[in-house]
Amino acid sequence: MTHELTLAAILLGIIHSGIRLATPYLYAAVGETFAQRSGVLNLGVEGIMLMGAFFGFLTVFRTGNLWLGLAAAAGAGVLMGLIMSVVSITFQAEQGISGIGLYMFGLGMSNLLFKSMLGTVEGVQGFSELRFCVTDSFCLADVPVLGDIFFSHSLLTYGAFLLVPLAAWVLNKTTWGLKIRSVGQNPEAADSLGVNVAGVRYAAVTLGAALAGIAGASLSISLLNIYQENMTNGMGFIAVALVYFGSWRPYGVLVGALLFSVVNALQLWVQVLNLNIPSDVAVMMPYVLTILALALPFRRQLQPAALTKPFSRGES
């Protein structure tokens, strides 16, 4: 009986951790979905997340205001998104190369700012878990099983999951969403109908970058409540991969983010429980899963036709 309860507790812990760990992936991957559906591949998501994580943390560390920190993270993302837009859309540089350059800029600049403005790892009081208390003595978070799964997460985690249906509605049910899909599929036809292709792409990339900045802040002022060098550790690149895994659809991204984060939580528990599995193998598990998922050939047929292709008026 004790063993069964222990197993149940472990499974519950994996699910709870998986939901929490999906937070930064959802913000970054849904944001990147907007960019890619407009035809722009932004491989600089990792660097944008690092800048968002730093400025979000620094603002909270200096002011104690979580909302100012979130705004600072989004603002850092917007500035990085504008840089990417100018280079890739206006100057029509090769998107993969410019994205890697943006990542390296974000990595180097965040490290430099950290060393010059903080110097050492610090902590802040970030977004705490909500408990949804009905009365002073009863909270929904205290409900067995369901409470841990659904009612004991931070505001940023709930925001990440609410972002998915909102993004799907914007892309599929609004005029702006139709413009995003049209410039990503056939920019020449969209231009002939009066759509400002460059303007739509600028907006989509900038929005995606703002969400990537918030993704970084979800680490530094919500999940971990610290900032350290290179704390994203490849999350931005995984977020880009999740867009492919999800077939450029927000709900597909949600499935991929949950699958990846649950496997990631599983490997953390494998190490905590000291199971007879090499730690390196455990760490590899989520990344191997991502590679296998991306190897599925049918997903490549669903990508926007104009993805990574620059557009100039008058060219066919």
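The values are calculated or read from the model by the stated rules, or taken from the named source; none is laboratory data. These figures come from a predicted structure and were not determined experimentally. Cβ placement follows ideal geometry from the backbone for every residue including glycine, while neighbour counts extend to all protein chains displayed.
Here is a yes/no grid of residues against (1) crowded, with 22+ Cβ neighbours inside 10 Å; (2) free of Cβ contacts under 8 Å to residues at least 24 places away in the same chain; (3) under 17 Å from the mean Cα position of the chain (by Cα):
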site: L211; (1), (2), (3): yes, no, yes
site: F237; (1), (2), (3): no, no, yes
site: A241; (1), (2), (3): no, no, yes
site: G252; (1), (2), (3): no, yes, yes
site: L294; (1), (2), (3): no, no, no
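When M51 is tested against the conditions (1) buried (at least 24 other Cβ atoms within 10 Å of the Cβ); (2) touching a Lys or Arg at 6+ places or on another chain (Cβ under 6 Å); (3) not polar (S, T, N, Q), the lone failure is (2).
If you check L7, L12, L26, L21 for being surrounded by fewer than 22 Cβ atoms within 10 Å (Cβ to Cβ) and in contact (Cβ under 8 Å) with a residue 40 or more places away in the chain, only one passes: L12. For the stretch 188-209, a residue qualifies if it is surrounded by fewer than 22 Cβ atoms within 10 Å (Cβ to Cβ) and either among the small types (G, A, S) or over 22 Å from the mean Cα position of the chain (by Cα) (or both), and the qualifying residues are E188, A189, D191, S192, L193, G194, V195, N196, A198, G199, A203.
Here L41 meets each of (1) of a type in the set (A, V, I, L, M, F, W, C); (2) in a helix (DSSP H, G or I); (3) closer than 30 Å to P310 by Cβ with one exception, condition (2). Got at least one residue in the stretch 165-187 being in contact with a Ser or Thr (Cβ under 7 Å, 6 or more places away or on another chain), surrounded by fewer than 18 Cβ atoms within 10 Å (Cβ to Cβ) and over 16 Å from P24 (Cα atoms)? Checking the stretch 165-187: not a single residue is in contact with a Ser or Thr (Cβ under 7 Å, 6 or more places away or on another chain), surrounded by fewer than 18 Cβ atoms within 10 Å (Cβ to Cβ) and over 16 Å from P24 (Cα atoms).
Please specify each residue of the stretch 106-152 satisfying the condition of being β-branched (V, I, T) and surrounded by 14 or more Cβ atoms within 10 Å (Cβ to Cβ).
Pass one, the stretch 106-152, residues β-branched (V, I, T): 120-121, 124, 134-135, 143, 145, 149.
Across the stretch 106-152, the qualifying residues are V124, V143, I149.
Checking each residue in the stretch 98-151 for being β-branched (V, I, T), touching a helix residue (DSSP H, G or I) at 6+ places or on another chain (Cβ under 8 Å) and without any contact (Cβ under 8 Å) to a residue 12 or more places away in the chain picks out only V134. When the residues of the stretch 99-123 are filtered to those that are part of a loop (DSSP other than H, G, I, E, B) and among the hydrophobic types (A, V, I, L, M, F, W, C), the one that is farthest from the chain's Cα centre (by Cα) is L118.
Among residues of the stretch 279-316 being modelled with pLDDT under 70 and part of a loop (DSSP other than H, G, I, E, B), the one that is nearest to L259 (Cα to Cα) is L296. Could you tell me whether G96 is in a helix (DSSP H, G or I), on the phi < 0 side of the Ramachandran plot, surrounded by 14 or more Cβ atoms within 10 Å (Cβ to Cβ) and not hydrophobic (A, V, I, L, M, F, W, C)? It is false that G96 is in a helix (DSSP H, G or I), on the phi < 0 side of the Ramachandran plot, surrounded by 14 or more Cβ atoms within 10 Å (Cβ to Cβ) and not hydrophobic (A, V, I, L, M, F, W, C).
Return yes or no: is V205 modelled with pLDDT under 95 and out of contact with any Leu (no Cβ under 8 Å at 6 or more places or on another chain)? Here the answer is no, as V205 does not meet what is asked.
Kindly indicate the residue of the stretch 84-93 that is under 21 Å from A210 (Cα atoms) and of a type outside the set (V, I, T) and also surrounded by the fewest Cβ atoms within 10 Å (Cβ to Cβ) among those meeting that condition. Only one residue tops the list, namely S85.
For the stretch 154-188, taking the residues that are of a type in the set (V, I, T) and assigned to a helix (DSSP H, G or I), the one that is nearest to I89 (Cα to Cα) is identified as V183. Report yes if V60 is buried (at least 24 other Cβ atoms within 10 Å of the Cβ), over 24 Å from A257 (Cβ atoms), hydrophobic (A, V, I, L, M, F, W, C) and at pLDDT 95 or above, otherwise no. For V60, the condition - buried (at least 24 other Cβ atoms within 10 Å of the Cβ), over 24 Å from A257 (Cβ atoms), hydrophobic (A, V, I, L, M, F, W, C) and at pLDDT 95 or above - is met.
Of the set (1) surrounded by 24 or more Cβ atoms within 10 Å (Cβ to Cβ); (2) outside any helix (DSSP H, G or I), all apply to A73 but (2).
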